[in-house]
Structure formats: C-alpha cells, structure tokens
Amino acid sequence: MRKIKKIKTIKDLEQSIHSQIQARKSEKKPVLTVSAGTCGQARGSLKVIKSLEKAIKEQNLEDKVKIKVTGCHGFCEAEPNIIVQPINIFYQKVQPKDAKDITSETIINNKVIDQLLFTDLATGKKISSENNIPFYKKQRRIILGDNALIDPTDINDYLSIGGYRSLAKVLGSITPEKIIESIKQSGLRGRGGAGFPTGYKWEFARKTKGDTKYIICNADEGDPGAYMDRSLLEGNPHRVLEGMIIGAFAIGAGEGYIYVRDEYPLAVEHISLAISKAEEMGLLGKNILGTDFDFEVHIVKGAGAFVCGEETALIASVEGRVGEPRQRPPFPAVKGLWGKPTNINNVETWANIPLIIEKGAEWFSRIGTNGSKGTKIFSLVGKINNTGLVEVPMGITLREIIFDIGGGIPGGKDFKAVQTGGPSGGCIPKEMLDLPVDYESLTKAGSIMGSGGMIVMDENTCMVDVAKFFLNFLRDESCGKCISCREGTQRMWEIVTDIAEGKGKKGDLEFLEALAKATRDASMCGLGQTAANPVLSTIRHFRDEYEAHITDKKCPAGVCKELIQYSIIAENCTGCLACLKVCSQEAISGELKKVHVLDQSKCIKCGACYEACNFDAIKIE
Amino acid sequence: MITLKINGLETRAEEGQTILDVAKFYGIEIPTLCYNEGLSRYGGCRLCLVQIGEEPRTKLVSSCTYPAEEGLVVRTDTKRVIEARKMMIELMLSLAPNSKIIQDLASKFGVKQVRFKIRNEECILCGLCVRMCAEQMDGRAIGFQNRGYKRKISTPFDIRSEECRLCGGCLYICPACQLRCQGPDADTAVCNACLTMDPTCLDYYDELQCWMYDVGRCGTCIREKPEKSKSKEKAQKSKQKEKNA
C-alpha cells in the first residue's frame, strides 16, 4: 500500500485538499460506485464487484472505467445498487450476471440498461437518474449523500470532497470558544435520542476545570431495526473522526473513545482504518498540523448491551466495569470517564460538526423547525415499499416520509401506525400522519425521536403484539439495577402476554397504566424512564384493540395465536391442494377439486395455509 | 454551604451530601431499603424516591443518590411519590412475600394487596449483600450475574467461591433473604461450606447457639445426629435382609 505523506502544517493540509479536489474534477473516467455496506454485502454486492472486475478485464476496459466500492447508498430495497458517475445513472438490484451488460452497454456504448432501472410504483415509469427517484427526491442528504461519493477506506478520497477542510479552518483561525458559540447558534441537538443542545453540552465540558478531558463517540446503536450510525461509520468514517477532532479541540480534550458494538465488524474495520490513516497523515497524534493540540482516538468494542447506549453505563463499560447506569448529577461533563470531564455525542451528531463549521451556523439553522434544526437520518423499515435510510429535514411530516419517500405500504394494505424511537419510543396512529417530525411534536404524541428508528406497521399488525415484542426486548435489556425497571418491564410483559393470550381480566388495562407510570417515574436512567412508552402509547391510541382482546377475546388484526382460528371458506375453495401441501400438522384434508376441511384440533395456527392460498379461501377469525 | 428546600423547609447541606442525608439530619422521614450508612449508595430499591423541581417540570429521583444542590426544591410525599413507592413495595412483596422487613413496609405505607403473580424468589436484588461483602468484608465473593429479568446474585460460576470466608455478613444484612443457608445443595447454595469444609456449626445443635436462626436448616448438624444415622443403618440393613430373602 502507498505510504501516506505526513502533513505538517495547516497550509499543507489546505494544499493537499485543493489538489485532491482538482484531481477529482479532472477525472474523466466513468466511475461505477457499488454500495457495499453491510446491507449491500448481505444482498451480494461483493459478488457483483468481482464479476464487474472480471468483465472489465475481459473487455480490456481497465483504462476506461473505475470501480469504487462505497458504503451504503441508503436505498436498501434496491441493494445491491450501482451509480454510474458522472452521468448519474442508478442501477438497482444488480446481479453478478448483469456485470457484462453494464460494462459493454453502459460504458462502451453509452447506453442505459432499462431493466436495471428503478420503476416508479405509482406511474410505472423507468427512472434513470438517482435524483429523480421519489425515494431520494424529498430527502435532504447533507450527511448521507457523501457515502455514495467516496471509498471509505481511502483518506484521499475524503479529502477530494473537501474533507478535513473544516479542521484546517478550525485549527487555523477559530478559537474554541467561537466554535462552541457557532455550534450553539446552529441549534444542533443530540441525535442519540434525548436531543440535548450539543453546543451547551460542549460548553459545560469546556468550562469544567481539569487538565485531562475526554470525548466519546457513542456508536452503541441498539434499537431493533435501526442502523444509521452503522452506515455512517462504514460509509464515511473520516467525517465522524473530523467532527471528533474539532470537538476535542473545542472542549480541550486530549483523548477520544469510539464505543462501537462488536456486532458491526465492517464499521469497526473502517473506523480503525480511518484512525490509522489519519494518524499517518498527522491529523491525529501529537502537535496536530504544527499546533500545540494533541489528540488521539481509541476504539472500545461493546458487547451489545442496549443499556450501554446510556452515557453513564457507557462510561462504566469503557472503564471495564459492568455496564450499569449511575445517578446523574454529577453529569459526565463534570465527572465522566475515569472521573474526568467527558463529553459524549452520538455518531450522527459528530458527523454534523464539520458541516456546521464549513457552511456556517446560519446555513445549518435555516434547515428544520424552530426547535429542531438540521436534518435527521431515519431507518425506515417494516411494512414499507422502499426500505432504507432516509435523511430528511426536521419538520417534514410522517406522511411525506412514509408515503412520498417510503412509497407507501406493500400489497395495497392500509397503514396502521408507525413506531418511532425504538423500544423506548411509541406508536403513532394513522390520524396523526401529518405530525411534523421534530423533538417536541414526537414527545407530545407520546413517542420520542430516539436515535431514528422508524418501523411502519400495516393493518395486519396487532398493537398488543407490538407492545409485547418491545417489552420482551426491554425486560431482557434492562440492566436490572432498579427494581422499577427490572420488575416493571417484566411484570408489564406478563400482563400484556396474558392479554394477548386471552387471559386478560377487566381492570388489567388500568393496572397496566398505573404500573407503566410508576416504572417511568421511579427508574434511574433513560431506559426505565422510557420503557413504558410502548405500552402507554399503544393504550392511548389503540385502547379499543386492547379491549377487544380482554372482553371479546378477539384479536382484530388476526395475529395473537390464542385468539384466532383459521377456517376454510367453502365457496372460495377450489380444491387446489395448495394449503394441504404446506400444512405441517396434516390438519387439512381433502381431495383435488373438492372443498378442503380444516381440523381445528390439529391446527397450530402457523398461518402457512393462509399464505399459500391464492383464492382467499382461508379466513382468520 | 448549600441551601435547599425540603417540604417547604429551608435546609442547609454540605458539599457531597445527598438529599437523604439532609432529610435525615432535619428529621424528615424517607423510607429506605437498599441504603445502609456503612455502604456505598446504590439506588436500586427506589423506595427513597422524592420529587424534585417545581411544577410543571418535576421528576422523581432516588434521594439516597441524588446530591443536594443549591436551590433545589424537594418534596418527599407528593401523590406521585406515594403512588410510585407503593408500586415498588408491591413489586418487592411479589418477589419476597415472606420478608418481615418488606411486610412491615407494606403495612406502613398501606399496600394491602399484591396484584402480581407471586414469584417467591426471596431476593429483591437490592445489592446490600454484594456491597457488604466487597466494602466491609473485603471479600468480593458474590456479585450480580446477568441482566434484566435474568439477574441474580451468586458466586462466580455458581460454585463455592474461594474468596468467601463464611463471615456471614451477607446473611446479616439481607432484608429478604435468599442467602440464608439452604442446606447442602451444591448447585444453588452460595456457601456450601457444609459440603466442602469443616462445618462452622456445633456438632450438636443448641437452639440459642445456631446462628442460622432456623435451627437445623443447613443440614450440617442433622447429619451428625446419632439417632438419624442409626435409623439409616437400620433401614439399610432391613433392605439387605429383604434382598437376601
């Protein structure tokens, strides 16, 4: 591997950024950028890359085209995808067999391959350019957008999009106080969940007396179905690193830690590589760029405990103790890691910093609403057509995210609710679809912004079942220190499970609410204080569904096994044997072209027959 | 000197004191359970909850861990505090219904029913024994295992710990108590001293001298009792006779 030249002064850094930008501009070769984040790799992007390389070699195109392996492009539904630059053609769901066509048609003949283009579900039209795809159109990808431009393992590639320019600016001419002032002015709030104003957090840490201070990047992303931080660390690690260096300079910290879960091997690999490259280049270490500012970064791998995302538990874990929260105050800004002033921010928060420095606080504060500035990345998952990471300006409505960007619900089904904020969040019903997405509105609706998970549910989702799922997660992930949280989540889960199994009694709901409120009030850390949200928000918005389970012993959505029954509608049954073949319990009997019969005593309610039937002849009651 | 208000009363505190310390000094009663003067603060039982702040921005915190802050407004018996506290007692009772200490708390604060399924674990995981072992006895023989609903207190790998000196400090401080000797059961008992080394008990028990309170429960002395061993021998002999016949 080529050795990276050490940069000794700020001027040298500016110069090399300039020359890298020029090099990118003068690059005439078309570039095939293949998304190869964890999600892309899972869908086979590594195989696509291999076959692309082979095709290029076979057709002798080595001098005419370049392959760039990048992080996640955000559109998971279309993985693995390739963007042909600079003409900006978006090919989705590329298979290894398509590699030859891409090189021979698109590269040599300059033709667009129609069958690889994205088809608009609403109009049925093929769309060639990334920017015209509805999924991307309404987004404002100020952070995620760079993922598609750079090779995350190459520091020079980051320089070529103007990376580390903010660092040069900061070290060259801005005092720490001024940096904090502009972060305050920008209105940036923590992206990890609670939404505390970042500038003020930095100021506390800066003002606390002490020679040794630390900063920590919280990459312990644990919400089910959320992967914003992973995609940033995988796709643009230097951006996070740059934010951290600027933050350390502003706060006066000499050491930084990145607490990342070990379940993210690619993220760990990329951020480790980024740190070593930055060290080689002289952007980390002693006397950075000839100034008297020293800063080094270490990686601590977490073992995947959800509670370690809570800052005091995280600190305990970094120190090598059991990840259990402690009382705040004293806040980490006063007494944090090893008892020293510490500032903890989420990955996405750090990634916002270089942008604010580069473009100015005023530019940043123009995006978003009064109380919530900037953009937010959400992972849009569940019953939605366009699964993926979406970056939207604050204040956009849920309807826009789900229906315009997300493309609505698959199979023409009805939207029922959206769960935001992960297990500590709540469910927001259909009636509130026009709710603007910002910190205050979501809290008012009984949910939270959280780190940005967004799980969409359709009419076939049972809200009691949803509450049960999240409570099961929480009772497992509670650290167990406070009796309110440990026993509260466990007992709530027991009651909800009883309701889901048809053993609910009158008065259970009121008791559940009282217990949920006590859990929220009595717990020490954020986990316990928000653990009641899945229960309280589903009861608040879907009380009738709970009552149907308790009084009528019916599950309206047809999910809770104990309360449903599958049966065959004789008029619709054509006797095709499809259901009979899939039934593992041999509960369905019948002959070809004769109406089948379902034996209830054998049925385990797996739902396989329901899925297999093409004539709507199986009904759930 | 820090000044703060507790239940409307102007109080003064020193740096490093908690709300509970101040309240105790002024004679304001706050119930506690996992708190002990000689041990570090833990904040796990949530009984010492108090309400801080002024409406509408109030929250509940555990007074044993929350430091006294300048200008803090504290109320120890609001409706919110009482409701949360009662729920905590109810939860504890469902875990250790036989504990005298928890029963007393329940009767004092008017908890008249347990609406949860009784689990009878005889442990509420207040952590007093763990802290006692580590901080006062310098033993560190027991600790927490697992998290969430699987959390429990035991020795490493659930086997007899070499660090345990059988001082009994854990038993002494336990309000619940699971750690009280459960007999020579190698899988679950914490000390298992009766199986692995010389018994700490007397050979022949005396009701007053047995420090296990529950005479004979650990099984050590019963094993030594002559009548029992004789009766066993008799039984074996009779069995052999039957076989021979």
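The values are calculated or read from the model by the stated rules, or taken from the named source; none is laboratory data. Everything quoted here is computed from the prediction, not taken from an experiment. We place every Cβ from the backbone using ideal geometry, glycine too, and count neighbours over all the protein chains shown. SASA here: full protein model, heavy atoms, side chains in, ligands and nucleic acids out. Shrake-Rupley method; radii C 1.70, N 1.55, O 1.52, S 1.80 Å.
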query: Ignoring any ligand, DNA or RNA, what whole percent of the accessible area of chain A comes from carbon and sulfur when the probe is 1.4 angstrom?
result: 50 percent
query: Given H placed 1.01 Å from N in the peptide plane, which residues other than close sequence neighbours of A:Y257 have an amide H under 5 Å from its amide H?
result: A:I215, A:I216, A:C217, A:H298
statement: Sorted list, accessible surface of protein heavy atoms, 1.4 Å probe, largest first, for A:S26, A:S451 is A:S26, A:S451
field: For segment B:17-33, 3J(HN,Hα) per residue [Karplus equation, 6.51 cos²θ - 1.76 cosθ + 1.60, θ = phi - 60°, Hz, x = Gly/Pro]
entry: 7, 9, 4, 4, 4, 5, 4, 4, 4, 8, x, 8, 7, 10, x, 9, 9
Dipole-positive endmost among A:C217, B:V130, A:C576 within the protein assembly as shown (Cβ charges, Cα centre): A:C576
query: Taking amide hydrogens as modeled 1.01 Å from N in the peptide plane, which residues meet the under 5 Å criterion relative to B:R140, leaving out close sequence neighbours?
result: B:A134
field: Computed over segment B:34-104, Kirkwood Rh from alpha-carbon pairs, angstrom
entry: 13.3 Å
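Which percent, nearest 5, of DSSP beta bridges in the protein assembly as shown are antiparallel? Write out the running numbers ahead of the final one.
Numbers: 51 of 80 bridges.
In the protein assembly as shown, DSSP labels about 65 percent of beta bridges as antiparallel.
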Cα convex hull of the protein assembly as shown, projected area averaged across orientations, nm²: 49.0 nm²
message: As a test of the definition: which semi-axes, in Å, follow for segment A:508-587 when you take the square root of five times each eigenvalue of its alpha carbon gyration tensor? Largest first, please.
response: 40, 15, 10
- prompt: With charges set only on the Cβ (+1 for Lys and Arg, -1 for Asp and Glu), what does the dipole of segment B:122-166 come to about its Cα centre, in debye to the nearest 20?
  reply: 220 debye
message: With the crude spin-label approximation of a point 7 Å out along Cα→Cβ, what separation in nm comes out for A:S567 versus A:K593?
response: 2.8 nm
message: Placing one identical point scatterer on every Cα of segment A:470-512 and ignoring solvent, what is log10 I(q)/I(0) from the Debye formula at q = 0.18, 0.23, 0.24 Å⁻¹?
response: -0.51, -0.73, -0.78
task: Find, among the trypsin sites (Lys or Arg not before Pro) in segment A:1-58, those assigned to loop by DSSP (not H, G, I, E, B) with at most 16 other beta-carbon atoms within 10 angstrom.
output: A:R2, A:K3, A:K5, A:K6, A:K8, A:K28
- line: The Kirkwood hydrodynamic radius of segment A:133-273, taken as the inverse of the mean 1/r over all distinct Cα pairs, in Å, comes to 16.4 Å
- request: Determine how large the accessible area of A:W363 is when every protein chain is in place; take a 1.4 Å probe and give Å² rounded to the nearest 10.
  value: 50 Å²
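Which order do peptides B:4-15, A:234-245, B:73-84, A:465-476 fall in by mean Cβ count within 10 Å, highest first?
Working: B:4-15: 14.6, A:234-245: 28.4, B:73-84: 17.2, A:465-476: 22.9.
Descending packing order for the listed peptides: A:234-245, A:465-476, B:73-84, B:4-15.
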Beta bridges per DSSP with both ends in segment B:1-90, % antiparallel, nearest 5: 90 percent
message: Rg over Rh of segment B:1-78, using C-alpha atoms and the Kirkwood radius, what does it come to?
response: 0.93
Radius of gyration and maximum dimension Dmax of segment B:1-140, Cα, Å: 16.0, 48
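Averaged across A:510-517, how many Cβ atoms of other chains sit within 10 Å of each residue's Cβ atom?
Working: counts 0, 2, 0, 0, 5, 5, 0, 4.
For this peptide, the per-residue mean of nearby foreign Cβ atoms is 2.
Per the Kirkwood definition applied to all pairs of different Cα atoms, how many angstroms is the hydrodynamic radius of segment A:276-348? Write out the running numbers ahead of the final one.
Values: mean 1/r = 0.0719 Å⁻¹.
In segment A:276-348 this quantity evaluates to 13.9 Å.
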- line: quick shape note, segment B:96-139: Cα extents on principal axes in Å, largest first -> 40, 22, 12
query: Which three lengths, in whole Å and largest first, does segment A:476-621 cover when its Cα atoms are put on their principal axes?
result: 63, 28, 23
task: On each of the three principal axes of the Cα atoms of segment A:172-254, give max minus min coordinate, whole Å, ordered largest first.
output: 39, 25, 25
message: Give me log10 I(q)/I(0) at q = 0.16, 0.28 Å⁻¹ for segment A:565-621, Debye formula, one equal scatterer per alpha-carbon, no solvent.
response: -0.36, -1.26
- request: Provide Rg and Dmax in Å for segment A:199-297, with only Cα atoms included in the calculation.
  value: 14.1, 44
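Given a 1.4 Å probe and heavy atoms of the protein chains only, how would you sort A:S537, A:S182, largest accessible area at the top? Walk me through the numbers on the way to the answer.
Values: A:S537 5, A:S182 30 Å².
Solvent-accessible surface, decreasing: A:S182, A:S537.
With only alpha-carbon atoms in the gyration tensor, what are the semi-axes of the equivalent ellipsoid for segment A:1-78, in Å, largest first? Kindly include the intermediate steps, with their values, before the conclusion.
Values: eigenvalues 173, 67, 29 Å².
Taking √(5λ) for each Cα gyration eigenvalue gives 29, 18, 12 Å.
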message: Could you work out the percent of alpha carbon pairs in segment A:286-401 separated by over 19 Å, rounded to a whole number?
response: 65 percent
message: If you average the C-alpha positions of segment A:72-126 and of segment A:333-407 separately, how far apart do those two centres end up, in angstrom?
response: 29 Å
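Which whole number gives the average, over all residues in B:75-86, of C-beta atoms from other chains lying within 10 Å of the residue C-beta?
Details: counts 0, 0, 0, 0, 0, 4, 2, 0, 5, 9, 3, 2.
Mean shielding by partner chains, rounded to a whole number: 2.
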task: Calculate the radius of gyration of the Cα atoms of segment A:8-138 to one decimal place, then report Dmax, the largest Cα-Cα distance, as a whole number, both in Å.
output: 16.2, 56
message: Students sometimes get this wrong: rank A:S104, A:S173, A:S523 by accessible area, probe 1.4 Å, all chains present, largest first.
response: A:S173, A:S104, A:S523
- prompt: In peptide B:140-150, what is the residue-averaged number of other protein chain Cβ atoms found within 10 Å of each Cβ?
  reply: 5
statement: Dividing the surface of the Cα convex hull of segment A:362-479 by four yields a projected area in nm² of 7.8 nm²
query: Relative contact order, percent, of chain A when contacts are C-alpha pairs under 8 Å separated by at least 6 residues?
result: 11 percent
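Can you tell me the order of A:252-259, A:395-402 when each peptide is scored by its average per-residue count of other Cβ atoms within 10 angstrom, highest first?
Working: A:252-259: 21.9, A:395-402: 19.9.
Most protected by this proxy first, the peptides run A:252-259, A:395-402.
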- prompt: How much solvent-accessible surface does A:I299 expose, in Å² to the nearest 10, with a 1.4 Å probe and all protein chains in place?
  reply: 50 Å²
message: Need one number: buried accessible surface between chains B and A, 1.4 Å probe, both sides summed, DNA, RNA and ligands left out, in Å² to 100.
response: 2800 Å²
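Roughly how compact is segment A:418-506, stated as its Cα Rg over 2.2 N^0.38 Å to two decimals? Walk me through the numbers on the way to the answer.
On the way: Rg = 14.2 Å, N = 89, 2.2 N^0.38 = 12.1 Å.
Normalised Rg, Cα atoms only: 1.17.
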statement: Rounded to the nearest 10 Å², the 1.4 Å probe accessible area of A:E362 is 130 Å²
Assigned charges on the beta-carbon of Lys, Arg, Asp, Glu; chain A dipole about Cα centre (debye): 1240 debye
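Would you mind estimating how fast segment A:92-211 diffuses translationally, via Stokes-Einstein at 10 °C and 1.306 mPa s with the Kirkwood radius over Cα pairs, in µm²/s? Numbers along the way, then the final one.
Values: Rh = 19.1 Å.
Approximately 83 µm²/s, per Stokes-Einstein.
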task: Take the Cβ-Cβ distance between A:E279 and B:K108 as r, set R0 to 51 Å, and report the resulting FRET efficiency rounded to the nearest 0.05.
output: 0.25
